[in-house]
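K.L.:
Questions regarding the structure given below will be posed in turn.
The values are calculated or read from the model by the stated rules, or taken from the named source; none is laboratory data. Predicted model only: the values in this text are computed from it and were never measured. When we count neighbours, we look across all protein chains shown, and the Cβ atoms used for this are built from the backbone with ideal geometry, even at glycine.
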């Protein structure tokens, strides 16, 4: 796996692995169910990914959206391709909703709603919370 995937906690944050992509739990949760969708390639330019990765991306995003819709009941979903610090191709997948959602006794407020996501107000997960949320999401991706 590339350095970006490892920085986001792989393999401990792995929700689902595909041929060309991994879906990871985002360790800092600006909204409940925030993920990282990362290309397994060492590419640092989106356009440099192989055609097979783009083809697979269609089914991966459908699975991501279906799973998160059932889990969070989001109103919108944002795919942020920032790649300023972490160089390999990846998206931050942020489900968006008005108000708050709760999981395992923790409240997750979408502080940026209805504008841009407020990544700075993310809930930082401890190891137990990270494992519980990852496992709940894994079940939806099975």
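K.L.:
Out of all the residues in segment 35-63, which are touching a strand residue (DSSP E or B) at 6+ places or on another chain (Cβ under 9 Å) and assigned to a helix (DSSP H, G or I)?
P.N.:
46, 53, 56, 57, 60, 61, 63
K.L.:
Let me ask something additional. Looking only at segment 1-29, filter to residues that are over 13 Å from the mean Cα position of the chain (by Cα) and in a loop (DSSP other than H, G, I, E, B); which one of those is nearest to residue 82 (Cα to Cα)?
P.N.:
Step by step, filter segment 1-29, then rank; the result is 2.
K.L.:
Determine which single condition residue 107 fails, assuming it passes every other condition in (1) touching a residue at least 24 places away in the same chain (Cβ under 8 Å); (2) assigned to a strand (DSSP E or B); (3) more than 14 Å from the chain's Cα centre (by Cα).
P.N.:
Here residue 107 meets the rest and fails (1).
K.L.:
Report every pair of residues separated by at least 6 positions or lying on different chains whose Cβ atoms are under 7 Å apart, first residue within segment 113-142 and farther than 22 Å from residue 79 by Cα, second at pLDDT 95 or above.
P.N.:
Pairs found: 129/104; 129/106; 132/104.
K.L.:
Suppose the filter is part of a helix (DSSP H, G or I) and either closer than 25 Å to residue 121 by Cα or touching a strand residue (DSSP E or B) at 6+ places or on another chain (Cβ under 8 Å) (or both); does residue 68 pass it?
P.N.:
Against the criterion (part of a helix (DSSP H, G or I) and either closer than 25 Å to residue 121 by Cα or touching a strand residue (DSSP E or B) at 6+ places or on another chain (Cβ under 8 Å) (or both)), residue 68 qualifies.
K.L.:
Hey, any hits in segment 99-109 for a residue that's within 24 Å of residue 7 (Cβ to Cβ), in contact with a strand residue (DSSP E or B) (Cβ under 7 Å, 6 or more places away or on another chain) and surrounded by fewer than 18 Cβ atoms within 10 Å (Cβ to Cβ)?
P.N.:
yes
Residues checked against (1) more than 17 Å from residue 36 (Cβ to Cβ); (2) in contact with a helix residue (DSSP H, G or I) (Cβ under 7 Å, 6 or more places away or on another chain); (3) modelled with pLDDT of 95 or more:
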{"site": "95", "(1), (2), (3)": "no, yes, yes"}
{"site": "103", "(1), (2), (3)": "yes, yes, yes"}
{"site": "106", "(1), (2), (3)": "yes, yes, yes"}
{"site": "112", "(1), (2), (3)": "yes, no, yes"}
{"site": "122", "(1), (2), (3)": "no, no, yes"}
{"site": "127", "(1), (2), (3)": "yes, no, yes"}
{"site": "131", "(1), (2), (3)": "no, no, yes"}
{"site": "134", "(1), (2), (3)": "no, no, yes"}
{"site": "142", "(1), (2), (3)": "yes, no, no"}
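K.L.:
Any idea which residue in segment 31-67 is nearest to residue 117 (Cα to Cα), counting only those that are surrounded by 14 or more Cβ atoms within 10 Å (Cβ to Cβ) and free of Cβ contacts under 8 Å to residues at least 40 places away in the same chain?
P.N.:
Among residues in segment 31-67 that are surrounded by 14 or more Cβ atoms within 10 Å (Cβ to Cβ) and free of Cβ contacts under 8 Å to residues at least 40 places away in the same chain, the one nearest to residue 117 (Cα to Cα) is 65.
K.L.:
Does segment 78-85 contain any residue that is under 17 Å from residue 137 (Cα atoms) and outside any loop (DSSP other than H, G, I, E, B)?
P.N.:
Within segment 78-85, not a single residue is under 17 Å from residue 137 (Cα atoms) and outside any loop (DSSP other than H, G, I, E, B).
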